Structure formats: structure tokens, C-alpha cells
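Note sheet for the following structure.
Throughout, read-outs are computed from the coordinates displayed, never taken from laboratory work. Please read these numbers as outputs of a predicted model, since none were measured by experiment. Heads up, the Cβs are rebuilt from the backbone with ideal geometry, glycines too, and the neighbour counts pull from every protein chain shown.
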Amino acid sequence: MRRFSVVMAAVAGAVALLLGSTAMAGPPGPRLAGRYLNVHQCVYVGSGGHYTNVLPNTANSAFNTGTNLSGAPDTALSCGPGSGGWRQAPANSAVKAFDLTAGRYLNLHQCVYFSAGQHYTAILPNTPNVNFNTGTNVSNTPDTRLNCAPGGGGWTLLLANSAVRPFDLAADRFLNLHQCVWTSAGMYYMGLLPNTPNVNFNTGTNVSDTADTALNCRPGGGGWSLDGLDSAFRPLGS
């Protein structure tokens, strides 16, 4: 009987140790290859208003950014110089290193502002122009409510083109970013998310076990057409 008790105690101890290890492990971590998602938001102003770019690989290379996946956090903003009378707007530009070990979800908030026919898209929470910052973050819980600063100076939040999307980075190996840019009468509008109420301006951004091989953009409408020169997709992952 004593031997049986000793065996049962050992089994109970092993089970407790296993449960303790599981509890300490926490939620599954990201599967992307790289600890930091370094997002560079580069905003330009010109005769057509505002233009936002976050990708490093559009055909219009003068406007490309330093967005990347890396083992180190970026601390300096990397933006192309612009061209054709378009210049960088430092007050609305920023770099944010998202530590992917901090949580399971990349909660991407796309905030779009409108003024006199112009559109301005923001996705980062840390630009100097705080009235146009967003709630984009990494967390163990998915965001369900859009978080956008109110705008100002005649610019108001355009809810039809704004949205929040939680991307489960523990589920798949690639974050496939699709940047779609539409143009009308010399003005530009950039969208990054697949789930805004204005469905004709949504994109194919997703998480997947495979890298996307083709750009996915909705056709636009209301006089706005897709601008292939400034649109691109980028698979970030292993």
C-alpha cells in the first residue's frame, strides 16, 4: 500500500508539473520569422493632397518605405524622397517597431480622414501629428473597436473607409500586406485593409501559411480607378 501511495504521489506531481508548465507557457507566439514588424508610414503632400505609402516595393520607387520584418527594431524612419512636386510630410510620417512576442494579434487600425475632396490614410499610433494617430498595436486579445484620433484643421474621420482588423500571427507563417492606391483627378487614396464598409476600396491583406503571389485590390468606383504604379503587395514571413 505504501508503494502504491508513493507511485500515485509521483504521478500527481508529474501532472501538476505539466499543468504548471502549460499555464506558464501562455498563448502561442507569432509564427512569422522575425521578432519585430517595423512599419514605416511615409506621407507625402503635393498638388493632389496627401498620399500615404507603407510598402518598400511599389513600382514608384521614389515613394517607397523601409517596412520590414527583422530581429531588430528600426529606430529611424526610411522614406523615399518623393518626386513630381510631392514632398514628405514629417508631421504625419513615422516608424513603429511592433514587438511580435508581445501578443498573438496584430490589431491594425486604418483611419481615413477627409477634407475638400482629399483623403489621408493613417495606420500608425505614434506620428508627431497626434490628432491623426491610430490604435494599431500587438496584443493577446483581438481589438473589436476602431480607435482613431479625431482629426482637425478641417479634416474629419471618414468611417466608410476606416476599419480595424485583428490578424492572428500565431495561426500562419505570412502576413501578406496588400497596399491598394486609387486615383481621381490627380488625388490619391491608399487602403490597406480588407474589411472597410466601402467594399469597392478593400484589399487582400491577410495572414496565411503561403506567401501571396498576386496583388488583390477591389476596382474602386465613383470616378476613382486603381493606380498600379503605387499599388503593391508584400509577403512578410519565413
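Round to the nearest 0.05 the FRET efficiency obtained for Thr210 and Leu77 when R0 = 35 Å and r is the Cβ-Cβ distance. Efficiency, from the Cβ-Cβ distance: 0.70. Highest mean first, the peptides 146-155, 162-171 sorted by other C-beta atoms within 10 Å per residue fall in the order 162-171, 146-155.
Of the residues Ile123, Ser225, Thr144, the one whose Cα sits farthest towards the positive end of the charge dipole of segment 31-237 is Thr144 (charges of +1 on Lys and Arg Cβ, -1 on Asp and Glu Cβ, taken about the Cα centre). Just want the answer: with Cβ charges of +1 for Lys and Arg and -1 for Asp and Glu, which residue in Thr156, Pro56, Asn206 is farthest toward the dipole's positive end in the chain? Value: Asn206. In the chain, the longest principal axis of the Cα atoms and the axis of helix 2-25 are about 10 degrees apart. On the beta carbon distance between Thr144 and Leu229, with R0 = 35 Å, the FRET formula returns roughly 0.50.
The charge dipole of the chain, taken about its Cα centre with unit charges on the Cβ of Lys, Arg, Asp and Glu (plus for the first two, minus for the last two), comes to roughly 640 debye.
Each part gets one Cα centre, and for segment 160-186 versus segment 35-77 those centres are 14 Å apart.
Under a point spin-label approximation (7 Å from Cα along Cα-to-Cβ), what is the Thr101-Leu159 distance to one decimal in nm? About 4.0 nm separates the two model spin labels. Taking the Cα centre of segment 112-214 as reference, the dipole from Cβ charges on Lys and Arg (+1) and Asp and Glu (-1) amounts to some 240 debye.
Karplus-based coupling profile of segment 108-120, in residue order and whole Hz: 9, 9, 9, 10, 10, 10, 10, 7, 6, x, 8, 10, 10, with θ = phi - 60° in 6.51 cos²θ - 1.76 cosθ + 1.60 and x standing for Gly or Pro.
Rg/Rh for the chain stands at 1.14; both radii use Cα atoms, and Rh follows the Kirkwood definition. Only helices enter the 222 nm calculation for the chain: every DSSP H run of n ≥ 4 contributes -39,500 (n - 2.57), and dividing by all residues gives -3500 deg cm²/dmol, rounded to 500.
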